[in-house]
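Accompanying notes for the structure given below.
The values are calculated or read from the model by the stated rules, or taken from the named source; none is laboratory data. Worth saying up front: this structure is predicted, and the values here are computed from it rather than measured. Here the Cβ positions follow ideal geometry from the backbone for every residue, glycine too, while neighbour counts run over all protein chains shown. Just the protein is used for accessible areas: all its heavy atoms, side chains included, with ligands, DNA and RNA removed. Shrake-Rupley method; radii C 1.70, N 1.55, O 1.52, S 1.80 Å.
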Amino acid sequence: TVVLTYLFAETLFNDRWTSFLSCAILILPGFFVDYARRGMVDVPLTFFVAAALFCFVKAEENPRWHLLFGLFTAFAVLTKSALGFFPLVIAFAYRILARPGSPVAGRDFYFWVGAVIAALLGSSWYIVNILQRGDSFIQWHFGWLLFHRAVTGEDAVGVASKSNPLFFL
């Protein structure tokens, strides 16, 4: 992730000093290193999101980078659920807001293939769980985990119990 941060900053700013400072900002506060040491899934999520966005930027030079963009976005979704879709949301927003002459603003076959890769591979976990657990998965994952926790900030402490039908998840 640190090397990717360096390469990403160098691609965006074409300046080695800015690239070095970008890596320092990632490492020096200590949060990223501490999360990596503890094996938290935020670290691979950070890598996959950064890799997806790096590929999206590189796709302005060669549209085939969109295929890797889709793959890394799918990995991000599989790592930490809906948060992994942020690169896709950012890419769509950029395409809508990009200036009319931009190569990203127009129709791009590889972008759409990458978006389909992201959506299909990333959604595979959802599809399996919906097929196996049906409405209970939808209610708990989307209703409580994603929506209720986001709105109320309530943590999972005390919620997981053997009486909960999704305790094993």
Answer yes if at least one residue in the range 52-60 is closer than 20 Å to Ala118 by Cα, open to solvent by less than 30 Å² (accessible area, probe 1.4 Å) and not in a helix (DSSP H, G or I), and no otherwise. yes
From the options Val77, Val2, Val57, residue that is within 28 Å of Leu145 (Cβ to Cβ) and either hydrophobic (A, V, I, L, M, F, W, C) or touching a strand residue (DSSP E or B) at 6+ places or on another chain (Cβ under 8 Å) (or both): Val77
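Which one is farthest from Ile90 (Cα to Cα) among residues in the range 36-51 that are in contact (Cβ under 8 Å) with a residue 40 or more places away in the chain and touching a helix residue (DSSP H, G or I) at 6+ places or on another chain (Cβ under 6 Å)? Give the steps one after another, and end with the answer.
Filtering the range 36-51 for residues in contact (Cβ under 8 Å) with a residue 40 or more places away in the chain gives 43, 46-47, 50-51.
Next, only the ones that are touching a helix residue (DSSP H, G or I) at 6+ places or on another chain (Cβ under 6 Å) stay: 43, 50-51.
Working: Val43: 19, Ala50: 12, Ala51: 13 Å.
The residue in question is Val43.
Do we find that Val57 is out of contact with any His (no Cβ under 6 Å at 6 or more places or on another chain) and within 20 Å of Val89 (Cα to Cα) in this structure? Give the steps one after another, and end with the answer.
Working: out of contact with any His (no Cβ under 6 Å at 6 or more places or on another chain): yes; within 20 Å of Val89 (Cα to Cα): yes.
Spelling it out, Val57 is indeed out of contact with any His (no Cβ under 6 Å at 6 or more places or on another chain) and within 20 Å of Val89 (Cα to Cα).
Residue-wise test of (1) without any contact (Cβ under 8 Å) to a residue 40 or more places away in the chain; (2) of a type in the set (Gly, Ala, Ser); (3) under 30 Å from Cys23 (Cα atoms).
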| position | (1), (2), (3) |
| --- | --- |
| Glu60 | no, no, yes |
| Phe85 | yes, no, yes |
| Val89 | yes, no, yes |
| Asp108 | no, no, no |
| Ala118 | no, yes, yes |
| Ser136 | yes, yes, no |
Which of the residues belonging to the range 1-29 are within 14 Å of Thr46 (Cβ to Cβ), without any contact (Cβ under 8 Å) to a residue 24 or more places away in the chain and open to solvent by less than 60 Å² (accessible area, probe 1.4 Å)? Ser22, Cys23
